[in-house]
Amino acid sequence: MILVLAYCAVLLSFASGVLALLMHQRHNLLALSRYWLKKSPESNEKYQSVIDNSLEEKQFPIFLRQAVFVLLGFSGIFAVLAGMSVLTSKEIITDQISLGLPWLPWHVRFDSLSGFFFLIIGIAVSAVSLYGPGYVKSYDENHHPFAALGLFTGLFVSGMLLVLLADDAFFFMIAWELMSVASYFLVAFQHENPANRRAAFIYLLMAEVGALAIILGFGVLASFATGFTFDELRAAELSSTWASIAFVLALTGFGMKAGIVPVHVWLPEAHPVAPSHISALMSGVMLKVAIYGLIRFCFDLIGEVHWQWGLVLLVLGTFSALGGILYAMMQPNLKRLLAYSSVENVGIIFMVLGLSMIFMANGHPQLAALGFLAALLHAFNHALFKNLLFLGAGIIHHQTHELNIDMMGGLIKRMPQTSMLFLVGCMSISSLPLFNGFVSEWLAFQTALQVDVLDNGVLRSLIPVAAAALALTAALAAACFVKVFGLIFLGQPRSHHSDKAHEIQDKGMLAGSMLLAGLCFLFGIFPGLIITLINGVAGQLLGETLPNDAALGWLWLAPVSAKQASYAPPLVLIGALIAAGVSFWYLRRNPSTVMRRAETWDCGFGGLTSKMQYSSSAFTMPFRRIFAKVWMIDEQIDKDMQGAMNQDVAAVRYHLQVQDHSWPRLYQPIERGVNNTAKVVGRIQTGNIRTYLGYSFATLILMLWVIS
Amino acid sequence: MNWLLAVLQTMLFVALAPLLAGWLKCCKCRLQNRKAPSIFQPYRDLLKLTNKQPVVAKQASWIFLIAPYIIFSATVLAATVVPLIAVDLPTSASADVIVMVGFFAFARFFLALAGLDIGTAFGGMGSSREMTISSLAEPAMLMAIFTLTMAASTTNLSFAIGHVLNEGFVLRPSFVFALAALILVAIAETGRIPVDNPATHLELTMIHEAMILEYSGRHLALIEWASQVKLMLYGVLIANIFFPWGIAETLGAQALGYGLLAIMGKLALLAIFLAIVETLFAKMRLFRVQEYLSFAYLLGLLGMLSHIILEASR
Amino acid sequence: MNIAELDFYTQAILSLAALVGLTSFLMLGQGRLLRLIFVFAMQGFLLTLTTVLAAYSLNNHHLYISAVLTLVLKVIFIPWMLRRQVLHMNMHRDIEALNNKTTVMLGGASLMVFSYYVLQPIVQSSPVVMLNALAVSLSVVLLGMLLMISHRQAVAHVVGFMSIENGLFFAAIVATNGMPMVVELGVAFDVLVAAVLFGIFFLHIRTSIDSLDVDLLNKLNEVDK
């Protein structure tokens, strides 16, 4: 029954993709409906009006778009139901579908880990399907056909769901490739811009290189096993070196898809270019599927984790977290900033997974379960608030036709509901208490604080340093999102478009965002709801649950023991409301202190314009000076002088370019190396027919010699 | 009953904060050979502000209006977490020291947003500088907290203080370093000299004040009060964690009375120390603050390393 | 073993050990020569206190003489001499511009972790409780060498060398309850002679290349470029 729900989710998303293809088939559909009505006129009269309405020229696109997104929404709901049921029932369901190779049918496995990620995908897809119809209306049908968008969205979602269901290596790779290639077409949706084409190409290239590494990883495992199904791979006996090689290959492959520094460069190129709801799905959900892949590979297939792997994950995660947020602070493009922020959050997830591996390998499985839970909870929370932020960015782009935050401002008065939803997203991602981002950060710190149980002194010194880096990352994220919210919504409008913007009328777009914002707040106040579910995942995968899981209730959160640390979000909320309410009521009693509005104080000089506000590069200037080595900064100031002795400044031009270090240090040398190798190898193609005959002759001689 | 005591303790905390500010000002004035105002002057200032009409700029949005209440509530919530007089109160269990740091982050988020709300350059400058300094202070503060929690094996402040009390007088090198780091971080976070001058009127030297330039009336009263509570919070943290003798472990009236006297005495001494520091040192350049805070981080790191190397042997 | 179970003197010695480590770090980050010499004098003073405490708690009387020797030489005489040199050669206004201070400090911290890792087998197998401070003394030695590598002024090199000797002395106190008196006196006189010789060398270097920046010493080679 549960598996049927999962299959329905996959089939519905597939169906929504196929349905989108019918966008240009209105005439054929009209003919088909006329034929069908002629066949049996009486019983079909009631459908006549409905069909006529929907197939009418103007209405058909709207109707089809809504139908496609309705199917996608149902797919999401079924995914949520499937995930919840398998998590609460704690079963492991397996099945076989006889597609695939003749001797290797597709194996399906639906257990708690898959179910949890089904839940993530389901929530995100439901929110996006509420948002979608209003958003895609703005795309011009001639240049950006909806058929392509809908088809590939459907394939993308079904690909992700199939990856979660796969139980053998072939099925996994087929589903993985379906996910990657479908998202390539989505990234290349607005292909008339050469920069977009380049971004899509980089995305595809890195996705394929990653897939290659994953295939090699599976190959290493399979060479020690009897077959390709995951059950056989689990039973494989690997020596320590080969297990580490498999781990490195899996880390490269899944890390490339997840966006770990230094293989993250496709993220900030691809995410801004895709349509906003697709960026939301890619950033919020696809990165989590990569993390699912890594967890499945390391904790499930290989089984025995080594603490050195955990250390590698910890170090890589720390660098990604710090690098991601520092790069995010320097971006004036909103979606690029959000993409780099995803790099940061994936880094945090990897850090906590690394901690979990270290505890596991050192013989503390319950603390490993704590780390595992913190990592999965952060994955869940990130999916929620990153989706919300990208959908909000889509709304802003829709209303102001701008993505540069230096051109926005003052939108809080013009778009009040969007600003409220975006504020919830910013507060969640900055890990403020009362929202869900804080709970996963708190759990991550609690995991790091358990470091005293380890024996290795070097680990005991490194882990607190990593925790301090995590604290720095959280503080930098708060600074970044203060800047984002403040520059977009507060202050005065910096451009004409922002001045004339107004609130979005489409209820669907607001509803999708409101769903996510509500969930962020709900899981911030009652994290126990989702933590009990993840506890089941940890129990099934690692064999151990939290040290104190008997005390998990809806009110208190005391993962290790109540003596060690406890947190009760509902009490905090009540306390906050009491304190705010009392001060609010008490201070407004005096009627003579009613608030009065006046002009902004301009120090008596007058002439306050919107250009005098802080811009994004101004806000982050102290960070640029302090952390200068992290970026490649090119800053130029040109002054036009005038007047007597050229002392008077007439105009100032400021040019700032912040670039990623990985391009000249890592990727351009690789590119040059590949090109040079290709040139060298290309010398065998002389174009001379006698040389080619000579090659065949030499091969023939070689074969004769070998056979004899 | 315990909850009632906890609420009363919080209200006492909030009520005593302006007194500490007044006493600090009195010490500073005496050191600088000026005549000091009465130590109850901050109460009079707050009362005067609440009875004035707040004037708000036309461009300000609801964030500007709500921010003072949020800042005050978050600071008061942080005050419920820190044991002032008695150790065993239930509010410490609902939020530990990491949540307390989260409350400060909450208050700072909205303060920075309020600074950006009016659309002047000074507000943006204040927000930018404040977020920079707090980002750099976070790792240092966390390192100091780590050292404490590794020694006491809990992040719950009540239990940590109880643990230190029950051990008697133990001279731990890690605590020495953690104390130094926490003092440096406290000076940075509360915006005192040498990081920020709370009494300056030159906008380009302001950090905290620049964000609240536009506030007046009861809004300004709430924000001023919140910063006084924050100063007292850090003082109570330093006094009660590193020198916890005198704090009430039971809830009898005599123990509570002694606890109150003990904390007032410790805070008075800390205020004298802070006044001496403020008088001896000049305010640092903004970009020297990063060296100051990296030094605080180094102290925290050394504290943690001495805990691992010297104190707990494996 | 938990520090709470030890007696007060051992706790005090461990705390002083940590403070000696702190002074090593402070010297790494110092750009001004007079302050560097002052911190070095502080390190010597802390060492004197440690020796006195160890003498009291172990009832070892010749450590008192060691303490007095350390006080006279390392806290009073050598810093005074160095300070006189610096003021005489007018170098107290030069600032050593450390361009990668953060890297050097982080390197120092990792040296401390490294020395702990290296000494762990010895520390774990010994019942002597004060041996934990051996890791700190080894890190003082290593940090002294790092000081010599990272600073360009020759006076800083002398201070680094002296602090290496401080570290060895500290290790001796902690591990073996003080070195035999003869060795102690011999090392002390060696250090004194070295300090005097350094003073003479400074004057010569200064007159040849007109600066005490050791990076400029390669002006003295005669190979044609």
Problem - Residues being more than 10 Å from every other protein chain (Cβ to nearest Cβ), aromatic (Phe, Trp, Tyr) and part of a helix (DSSP H, G or I) - total across segment B:36-62 - result: 1
Problem - Yes/no for C:THR48 being within 14 Å of chain A (Cβ to nearest Cβ) and without any contact (Cβ under 8 Å) to a residue 60 or more places away in the chain - result: no
Fill in the blank from the handout: Per the filter on segment A:114-152, residues β-branched (Val, Ile, Thr) and either touching a Pro at 6+ places or on another chain (Cβ under 9 Å) or not in a helix (DSSP H, G or I) (or both) are A:VAL136
Practice task
State all residues of segment B:119-153 that are closer than 16 Å to B:GLY102 by Cβ and touching a Phe, Trp or Tyr at 6+ places or on another chain (Cβ under 6 Å); if no residue qualifies, say none.
Solution key: B:PRO139
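If we keep just the residues of segment B:275-314 that are among the acidic types (Asp, Glu) and in contact with a Lys or Arg (Cβ under 7 Å, 6 or more places away or on another chain), which is surrounded by the most Cβ atoms within 10 Å (Cβ to Cβ)? Give the steps one after another, and end with the answer.
First pass over segment B:275-314, keeping only residues among the acidic types (Asp, Glu): B:278, B:291, B:311.
From what's left, in contact with a Lys or Arg (Cβ under 7 Å, 6 or more places away or on another chain): B:278, B:311.
Values: B:GLU278: 22, B:GLU311: 24.
By that ranking, first place goes to B:GLU311.
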Completion exercise
Every listed condition ((1) closer than 23 Å to B:THR190 by Cα; (2) touching a residue at least 40 places away in the same chain (Cβ under 8 Å)) holds for B:VAL99 save (2)
Handout entry: Subset of segment A:581-596 [loosely packed, with under 12 Cβ neighbours inside 10 Å, more than 7 Å from chain B (Cβ to nearest Cβ) and basic (Lys, Arg)]
Key = A:ARG589
Practice task
Kindly indicate whether any position in segment B:124-140 is facing chain A (nearest Cβ under 7 Å), within 27 Å of A:PHE526 (Cα to Cα) and assigned to a helix (DSSP H, G or I).
Solution key: yes
Practice task
Those residues that are of a type in the set (A, V, I, L, M, F, W, C), more than 14 Å from chain C (Cβ to nearest Cβ) and not in a helix (DSSP H, G or I), I need them from segment B:268-314; list them, please.
Solution key: B:PHE281, B:ALA282, B:MET284
Completion exercise
Here the qualifying pairs (Cβ atoms under 7 Å; residues six or more apart or on different chains; first in segment B:195-209 and more than 14 Å from B:LEU231 (Cβ to Cβ); second of a type in the set (S, T, N, Q) and part of a loop (DSSP other than H, G, I, E, B)) come out as B:THR205/B:ASN197; B:MET206/B:THR200; B:GLU209/B:THR200
Handout entry: Number of the condition not met by B:LEU84 [criteria: (1) of a type outside the set (Val, Ile, Thr); (2) within 18 Å of the chain's Cα centre (by Cα); (3) assigned to a loop (DSSP other than H, G, I, E, B); (4) surrounded by fewer than 23 Cβ atoms within 10 Å (Cβ to Cβ)]
Key = (4)
Fill in the blank from the handout: Here the residues within segment C:63-116 that are of a type in the set (Phe, Trp, Tyr) and either away from chain A (no Cβ under 14 Å) or surrounded by fewer than 15 Cβ atoms within 10 Å (Cβ to Cβ) (or both) are C:TYR64, C:PHE77, C:TRP80
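Within segment C:42-81, track down each residue that is among the hydroxyl-bearing types (Ser, Thr, Tyr) and over 19 Å from the mean Cα position of the chain (by Cα). Outline the logic, then answer.
Here is the first cut: in segment C:42-81, the residues among the hydroxyl-bearing types (Ser, Thr, Tyr) are C:48, C:50-51, C:56-57, C:64, C:66, C:70.
Listed by number, the residues that qualify are C:TYR56, C:SER57, C:TYR64.
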Handout entry: Count - residues of segment A:560-590 that are in a helix (DSSP H, G or I), over 21 Å from A:ILE530 (Cβ atoms) and not β-branched (Val, Ile, Thr)
Key = 11
Practice task
Can you run down the residue pairs with Cβ atoms below 9 Å, 6 or more apart or on separate chains, where the first is in segment A:438-461 and more than 25 Å from B:PHE109 (Cα to Cα) and without any contact (Cβ under 8 Å) to a residue 12 or more places away in the chain and the partner is of a type in the set (Asp, Glu) and in a helix (DSSP H, G or I)?
Solution key: A:ARG460/A:ASP452
Exercise for the section: Taking the residues in segment A:480-497 that are more than 7 Å from chain B (Cβ to nearest Cβ) and not in a helix (DSSP H, G or I) as candidates, determine which candidate is surrounded by the most Cβ atoms within 10 Å (Cβ to Cβ). Expected result: A:ARG494
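Yes/no per residue for (1) under 23 Å from the mean Cα position of the chain (by Cα); (2) under 27 Å from A:ALA225 (Cα atoms); (3) modelled with pLDDT of 95 or more:
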site	(1), (2), (3)
A:LEU311	no, no, no
A:PHE350	yes, no, yes
A:GLY363	no, yes, no
A:LEU367	no, no, no
A:HIS378	yes, no, yes
Practice task
Kindly list the number of the only condition in (1) more than 9 Å from every other protein chain (Cβ to nearest Cβ); (2) under 30 Å from the mean Cα position of the chain (by Cα) that fails for A:ALA568.
Solution key: (1)
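Could you please find all residues in segment C:194-217 being of a type in the set (S, T, N, Q) and in a helix (DSSP H, G or I)?
Narrowing segment C:194-217 to residues of a type in the set (S, T, N, Q): C:207-208, C:211.
Answer for segment C:194-217, where residues must be of a type in the set (S, T, N, Q) and in a helix (DSSP H, G or I): C:THR207, C:SER208.
Quick check on my filter: what residues within segment B:163-174 are in a helix (DSSP H, G or I) and within 9 Å of chain C (Cβ to nearest Cβ)? Walk me through it before giving the result.
So in segment B:163-174, the residues in a helix (DSSP H, G or I) come out as B:163-167, B:173-174.
Listed by number, the residues that qualify are B:GLU167, B:PRO173, B:SER174.
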Fill in the blank from the handout: Checked pairs for segment A:355-383, first touching a residue at least 40 places away in the same chain (Cβ under 8 Å), second basic (Lys, Arg), C-beta under 9 Å and 6 or more apart or across chains, list as A:ALA379/A:LYS288; A:PHE380/A:LYS288; A:HIS382/A:LYS288; A:ALA383/A:LYS288
Completion exercise
Within segment A:73-112, the count of residues that are modelled with pLDDT of 85 or more, among the aliphatic types (A, V, I, L, M) and closer than 12 Å to A:ALA166 by Cβ comes to 1
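Yes or no, residue by residue, for (1) acidic (Asp, Glu); (2) in a helix (DSSP H, G or I); (3) at the interface with chain B (Cβ under 9 Å from one of its Cβ atoms); (4) over 22 Å from C:LEU106 (Cα atoms):
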residue: A:VAL424; (1), (2), (3), (4): no, yes, no, yes
residue: A:SER431; (1), (2), (3), (4): no, no, yes, yes
residue: A:VAL439; (1), (2), (3), (4): no, yes, no, yes
residue: A:VAL451; (1), (2), (3), (4): no, yes, yes, no
residue: A:LEU459; (1), (2), (3), (4): no, yes, no, no
residue: A:ILE463; (1), (2), (3), (4): no, yes, no, no
residue: A:ALA478; (1), (2), (3), (4): no, yes, yes, yes
Completion exercise
Flagged in segment A:332-347 as farther than 15 Å from A:ALA478 by Cα and within 18 Å of the chain's Cα centre (by Cα), in numbering order, are A:ASN333, A:LEU334, A:LYS335, A:ARG336, A:ALA339, A:VAL343, A:VAL346, A:GLY347
Handout entry: B:ILE118 vs. criteria buried (at least 24 other Cβ atoms within 10 Å of the Cβ) and over 22 Å from B:VAL185 (Cβ atoms)
Key = yes
Fill in the blank from the handout: Flagged in segment C:15-30 as over 17 Å from C:GLY107 (Cβ atoms) and at the interface with another protein chain (Cβ under 7 Å from one of its Cβ atoms), in numbering order, are C:SER15, C:ALA17, C:ALA18
Handout entry: Selected residue [more than 7 Å from every other protein chain (Cβ to nearest Cβ), in a helix (DSSP H, G or I) and in contact (Cβ under 8 Å) with a residue 12 or more places away in the chain] from B:ALA112, B:ALA107
Key = B:ALA107
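The values are calculated or read from the model by the stated rules, or taken from the named source; none is laboratory data. These figures come from a predicted structure and were not determined experimentally. For neighbour counting, all protein chains shown are included, and Cβ atoms are generated from backbone atoms with ideal geometry for every residue, glycine included.
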